[in-house]
Every structure is written in structure tokens, then in C-alpha cells.
1. Please give the contour-minus-distance gain from Glu109 to Ser265: 0.36 nm per residue of separation, less the Cα-Cα distance, rounded to one decimal in nm.
2. What does the helix-only formula give at 222 nm for the chain: each DSSP H stretch with n ≥ 4 adding -39500 (n - 2.57), the total divided by the residues, and the result rounded to the nearest 500 deg cm²/dmol?
3. Using every Cα-Cα pair within the chain, state what percent have a distance larger than 27 Å.
4. Of all the accessible heavy-atom surface of the range 1-117, with the other protein chains kept in place and a 1.4 Å probe, what percent is carbon and sulfur?
5. Quick check for me: using +1 on Lys/Arg Cβ and -1 on Asp/Glu Cβ, what's the dipole size of the chain about its Cα centre, in debye to the nearest 20?
6. Take Leu56 and Arg137, extend 7 Å from each Cα along the Cα→Cβ direction, and tell me the distance between the two endpoints in nm.
7. Student exercise: in the chain, how many lysine pairs 8 or more apart or on different chains have Cα atoms under 19 Å apart?
8. For the chain, what is the accessible area per residue in Å², given a 1.4 Å probe and the full set of protein chains?
Amino acid sequence: MRAIEFQEYGGPEVLKVVQAEAPEPGPGEVSIDVAYAGVNFADLKARAEGYRVPSLPFRPGLEVSGRVRAVGAGVEGIRPGQEVAALTGGGGYAEVVVTAAATVFALPEAVSLRTGATLPTVLPTAHALLHEVGRLRAGETVLVQGAAGAVGTVAGQLAKAAGAGAVYGVVSEAAKAEHALKYGYDEVFVGPGFVDDVQRATGGRGVDLALDPVGGDTLRRSLDALAVFGRLVSFGNASSAEPWQVGQPELYPTGRSVSGFSILSLAQTAPGSLRELAERAFRKVADGTAELPVTAEFPLADAAEAHRLIGSRTSTGKLLLRVGA
Ligand SMILES: NC(=O)c1ccc[n+]([C@@H]2O[C@H](COP(=O)([O-])OP(=O)(O)OC[C@H]3O[C@@H](n4cnc5c(N)ncnc54)[C@H](OP(=O)(O)O)[C@@H]3O)[C@@H](O)[C@H]2O)c1
């Protein structure tokens, strides 16, 4: 089978097509003939700086859709030939991938394999940020960094559908604001001056919930954009800044809180909770509440082009690799 691998960290050019033996599932695992692989920002961080890479060479790819090829000993409720979407610990950029049965999800009826590949990382993440972690209540205001990206596109729609009073986004380029405004956002701010924009838009009150995948100064400023009793959820570090040790001085005076979320950690530590979360989140696509538009699709061998596009910070929505579809 063909797979994408890198043997050293670096730019998109380190992604190489290799021929390899198709992997077999061990106990509790499932192998999948991959139809589409989702491209995530975390894949760029793996390639460039070794994020969650245990050793080299490494095959990137955190999510796929496809048909079950074989199931390992002890796996129940999943059968060969079934159409599924799956989170993988890596290795999704390949014609065949093996992953834990705990993170393989039957595709809801009427969800195609192409749409299925957009679901595993983004839908549960956006749902958890707003609901399980962010505890959004109807009428509250929300601020989302990276509003035109994959998570941002879904978060805008889910927040609106949950009855948010106003949904504000932040993007780095005016062209991306147009995209976000089609997906649930009431207003989209461009660039690092967003705290002033939030204060103006909310009459100086601030937002109830802010979602931050950027880290560094943006995370700190997101705290400044919160209303009294506001919640900030950190879920990424796109800026590659040093982690911020948020402490008592910032949190005491206004009763603000800071929390976090990682779908990959949840998959490892609480797969049952992830499954329940994924079912709730996938339903939002099956019933038409949210969609994640595929804005670019590349053949597997052109994975580097997909990385270049996300790395250029001009992409919107979801990028897929077409593998066996
Ligand atoms: N914690 C979790 O469980 C979880 C799950 C999925 C994704 N994430 C995180 O959520 C974020 C979005 O992921 P995604 O896969 O949906 O990607 P994406 O949003 O489609 O693309 C990356 C986004 O990062 C923003 N960005 C900010 N600083 C950047 C930088 N220095 N270089 C490149 N992009 C930068 C870009 O928006 P602007 O150019 O508009 O700023 C862009 O929207 C990432 O930080 C990712 O790690 C976390």
C-alpha cells in the first residue's frame, strides 16, 4: 500500500510517498481501507516540530473515513465492509490504517464517506468547546479565534444553533471574514486588535465564552475580552508560544475561569466519553444543524500541497486527501 511518511522534521517537502505492508489489526483494533483522510493543523505541527510524534519515521494523519477491512480479536459491533469514520493516533495518510476500535464510529445514515472524513476531529472538538467544557447558555456571547478554519467554521454554526446571543469571530485576513460570516458569525474581527472590537460590539461588557487555539498573546488578550464570570477555553497553540502559567492574579478579581480541551487526550484517557461526545456531535451534521465545507481536496500523493495551503494561512473550512474513494 501507499502511505505518506516523514523521516525528518521540516517543511511540507519532507512528506514522502512510501510503499509499505498493509498493517493488520491487533486485539481491540480495526483496520480500515481509507477513502478520505482529513488534514489537521496538528499534522503540520507534527511535521514541523514533532508534536505528538513518538519516533521517526512517522506517518501523519489523525482522522479518516473508509470501509472496515478487518477487525482484531475482541472487537464487537464493528464488521468488515462497514462505512466508518475514525480518529487515529497517526497514520491516516495511507491506503490502510489500523486504529483502536474505541475510536471507530459508524457513519450516520445519509452521511457520505467524503463528509465522514470531516467529522472525527472537528465536530466533537467544536461541540466540547461550546458545551461540555464551555457550558454555553442561550443568550450568551461567544468569541472564536481562527473563525474561518475548520474548527471555527463548525463552532460558529453550533454556537448560533445553541441560541448564543451573538457569535464573534477573529481571523487574520479580511478575505476569511466573508467565509466565517456564512457560518453562524454575527461579526468577524480582523487581527490582534480584537479586544477593542469586542468591547465596542458588547458595549464594554465583554463576551461570556472565548475559544482560543492560538495561545501566547492571543490567549492572554482573549482573557481580557471576557465579561465578568466569563470562561476561556484553550484548545491549541498555533502560535507555538511558550505555555502561559495563568494564575490567581488574573482570575480572582472578576471570577473568570480558564479551561482546556484536547480530543487526542480524551481518546486516550476517556474513550467512552469521547464516543458519547462524538455521537452528539455527529448528529448535528446528520440533522443539518452544522456542515463543514470541504474547500480543497488533494490526491494522497499531494499531501504536501495541502500542508502548504494550511500553512499559508489562506485556507478556510476543511481540507481532505482523496485516498481510495
Ligand atoms: N484541542 C483539540 O482537541 C483540537 C482539535 C482540533 C483542532 N485543534 C486546534 O484548533 C486549531 C484549528 O485547527 P484546524 O485543524 O481546524 O485548522 P484550521 O483552523 O483549518 O487552520 C489553522 C488555523 O490556525 C489559525 N492560525 C493562527 N495562528 C497561526 C499560525 N501561526 N500559523 C498558521 N495558522 C494559524 C489560522 O487562522 P487565522 O489565519 O485566521 O488566524 C487557521 O484558521 C489548531 O490550533 C488546532 O491545533 C485543537
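1. 53.4 nm
2. -7500 deg cm²/dmol
3. That tail contains 42 percent of the Cα-Cα pairs.
4. Carbon and sulfur together cover 49 percent of it.
5. With Lys and Arg at +1 and Asp and Glu at -1, about 340 debye.
6. 5.1 nm
7. 9
8. It amounts to 42 Å² per residue over the chain.
The values are calculated or read from the model by the stated rules, or taken from the named source; none is laboratory data. The structure presented is a predicted model; accordingly, all values stated were derived computationally and were not measured. Here Cβ is always computed from backbone atoms with ideal geometry, including for glycine, and neighbour counts include all displayed protein chains. Keep in mind that these areas ignore ligands, DNA and RNA; they rest on the heavy atoms of the full protein, side chains included. Shrake-Rupley method; radii C 1.70, N 1.55, O 1.52, S 1.80 Å.
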